Amino acid sequence: MIAKKIFVIISLFLFLFFSQKVVFFIKKEKEINLKKKLYPNTFINQINCGEKKEKEVVNFFEEKNKKLKEKTLKIFYQNENIATFSGLVINLHFDSQGIWQRAFLVGRTSHLPSRIFQKITTIFNLKRFEIEFQPSFDYQPISDFLKIAKERYEKPAKNALFKFENGRVLSFAKEEWGQKINEEKFLFYLNQTIQKMTTEQKKDFFIYLPVEKIEPEIKLSEINKFGIKEEIGVGQSDFTGSISSRIHNIILAASKFNGILIPPGKVLSFNETVGDISSLSGYQPAYIIKDGKTILGDGGGVCQVSTTLFRAALNAGLPIIERHPHAYRVSYYENDSPAGLDATVFAPFVDLKIKNDTKAHVLIQTKIDKENNLLFFYLFGKKDGRQIEIEKPKIWDIVPPLPPKYQDDPTLKKGVIKQIDFPSWGAKVNFHYKVVKNGKIIFEKDFFSHYHPWPAVFLVGTAE
């Protein structure tokens, strides 16, 4: 009898409990649907939007959109900022209405079992429904940028070229690594950053343009038997201010060295390599220093070539067996260099000699940049770990220029005066050159130059 009473009491309690829950459920659902609110426990991007109306949800994401338009996305190549996009430009935004419509489907799906499950679990706080939305953006400005970036930064790999005939390298090109933009990785970084722009408070966001190296198929070290693998030194000089005949002579003399190989242990003589310097070999008259005078002579400008080779050999760490300075400081050689880094030649007694003390051949390549008036000597071989120390030249005993000189010139009409040389201060200059390999000095030398003061030189016409 007691058991029966207990059963009736429990049953009544359960009936009342569930009746209360059913009434609560019906009233709650009626309220939600009448007011067109989201079901409870509906989370959008981890924010509880349960029981919020359409206007509240839409306004919330519209406010987010205003902030997104003010944010900036900066794209860098290495350390250079190459593009900047505001959220406004790429139309970075959340689809506020679409978000509402998707969230509103929770508890209202057309699938009956799912609908009932969602209603019960949300109203009775049994389950959270998490909905994640990503912002959308206009990809076209990014696509246009990528097209320009590919044109600017992508380059194909170039194979090495080496053709040797009759003791000279006729065709030469060192291999060049190419590079391309990894578009797949860029898009991954882009989407990752867009996501951060929606969640982080800062204004500026950065992406580095990802590039991949492209390896050439043919490398220099694989196609020659001379051990030449890489660039070992470069020399440069600026011949700005040269007359046209001097520039002609520079180009001609430099061409004599292009493709020249210096075997291991051998000494290169500038005079022997350049050969005859006269009108017969194509040189034009240009001003030279001879017997203390500035005169027109075949081959003026050749010393620009010897000076550039001298600088290349220094930068490669090669022994300089013979070098002579000019009699006075020539402006061409100080356009881009301190005093003391010039080398004059005058066959047969004044020469520039360089030794190849490496185990590989040394190849000389020359280049003329006419637009910028620059001459380059590139030395190729194989690096052996040597370290080069070139001290900054020290200058002392500076002497002012001599009084102007006037020289009669029968080729000019009487009364015509033409300046052919400019005053130069005299000085003594010295720099120390040291080459170290494996902790030992393999070559060391002081290069001393005594430059005499030089007057301005004028030609005076004597012709009737």
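How much length, in nm to one decimal, is gained on full extension between Thr273 and Asn59, taken as 0.36 nm per residue of separation minus their Cα-Cα distance?
Working: separation 214, 0.36 × 214 = 77.04 nm, distance 8.27 nm.
Contour length minus Cα-Cα distance gives 68.8 nm.
Could you work out the relative contact order of the chain? I mean the mean sequence separation of Cα pairs under 8 Å and 6+ apart, divided by the number of residues, in percent.
12 percent
Only Cα pairs under 8 Å and at least 6 apart count here; give the relative contact order of the range 140-214 as a rounded whole percent. Please report the intermediate quantities before stating the final value.
Numbers: 82 pairs, mean separation 21.6, N = 75.
Averaging sequence separation for qualifying contacts and normalising by length gives 29 percent for the range 140-214.
Taking Cα pairs under 8 Å and at least six residues apart, what relative contact order does the range 225-463 come out at, in percent? It would help to have the intermediate numbers written out before the result.
Details: 604 pairs, mean separation 58.0, N = 239.
Once divided by the residue count of the range 225-463, the mean separation gives 24 percent.
Could you tell me the calculated FRET efficiency between Ser86 and Leu187, based on Cβ-Cβ distance and R0 = 25 angstrom, to the nearest 0.05?
Details: r = 20 Å, r/R0 = 0.79.
Calculated transfer efficiency: 0.80.
Rounded, prolate or oblate: which fits the range 189-272, taking a ≥ b ≥ c as square roots of the Cα gyration tensor eigenvalues, rounded meaning a/c under 1.5, else prolate when a/b beats b/c?
Values: a/c = 4.74, a/b = 2.09, b/c = 2.27.
It comes out oblate by the Cα gyration axes.
Could you work out the local net charge near Ile47, counting Lys and Arg as +1, Asp and Glu as -1, over the other residues with Cβ closer than 12 Å to its Cβ? Before the final figure, lay out each step's value.
Values: positive: Lys52, Lys64, Arg128; negative: Glu56, Glu130, Glu132.
Taking every Cβ under 12 Å from that of Ile47, the sum is 0.
Let me make sure I get this right: for the range 140-214, a, b and c are the square roots of the gyration tensor eigenvalues over alpha carbons, sorted descending. Under 1.5 in a/c it's rounded, otherwise prolate if a/b > b/c, else oblate. Which is it? Working shown, then result.
On the way: a/c = 4.93, a/b = 3.90, b/c = 1.26.
Prolate, because a/c is 1.5 or more and a/b exceeds b/c.
May I ask for the Rg/Rh ratio of the chain, computed from Cα atoms with Rh as the Kirkwood radius, given to two decimals? Numbers along the way, then the final one.
Values: Rg = 41.1 Å, Rh = 30.2 Å.
Ratio value, two decimals: 1.36.
Specify the inter-centroid distance of the range 318-348 and the range 377-412, based on alpha-carbon positions, in whole Å.
That distance is 4 Å.
Where Rh is the Kirkwood radius over the Cα pairs of the range 225-463, the temperature 4 °C and the viscosity 1.567 mPa s, what D in µm²/s does Stokes-Einstein return? Write out the running numbers ahead of the final one.
Details: Rh = 18.8 Å.
Translational diffusion coefficient: 69 µm²/s.
Between the range 34-69 and the range 70-121, how far is it from one alpha carbon centroid to the other, in angstrom?
Computed from Cα coordinates, the inter-centre distance equals 12 Å.
Does the range 347-464 classify as rounded, prolate or oblate by the C-alpha gyration tensor (a ≥ b ≥ c root eigenvalues; a/c under 1.5 gives rounded; else a/b over b/c gives prolate, otherwise oblate)? It would help to have the intermediate numbers written out before the result.
Values: a/c = 3.33, a/b = 1.96, b/c = 1.70.
Prolate is the answer for the range 347-464, as a/c is 1.5 or above and a/b outweighs b/c.
Between Rg and the Kirkwood Rh of the range 139-182, both from Cα atoms, what is the Rg to Rh ratio? Before the final figure, lay out the partial values.
Details: Rg = 17.6 Å, Rh = 13.0 Å.
Radius of gyration relative to Kirkwood radius: 1.35.
What is the spin-label model distance, in nm, from Glu151 to Asn335 if the labels are put 7 Å beyond Cα along the C-beta direction?
3.3 nm
Can you list which of the DSSP-assigned H helices in the chain have a Cα extent of 27 Å or more along the long axis and an average Kyte-Doolittle score of at least 0.0?
Numbers: long enough: 2-34 (47 Å, 1.13).
Counting only whole DSSP H runs, the qualifying helices are 2-34.
Given the C-alpha centroids of the range 185-202 and the range 237-269, what is the distance between them in whole angstrom?
The two parts, judged by their Cα centres, are 55 Å apart.
In what sequence do Tyr332, Tyr208 fall when counting other Cβ within 10 Å, fewest first?
Tyr208, Tyr332
The numbers here are math on the coordinates, done by the rules we state, and not lab data. Bear in mind that the values here come from a model prediction, so they are computed numbers and not experimental data. Don't worry about glycine lacking a Cβ; one is built from the backbone with ideal geometry, like all the others, and counts go over all protein chains shown.
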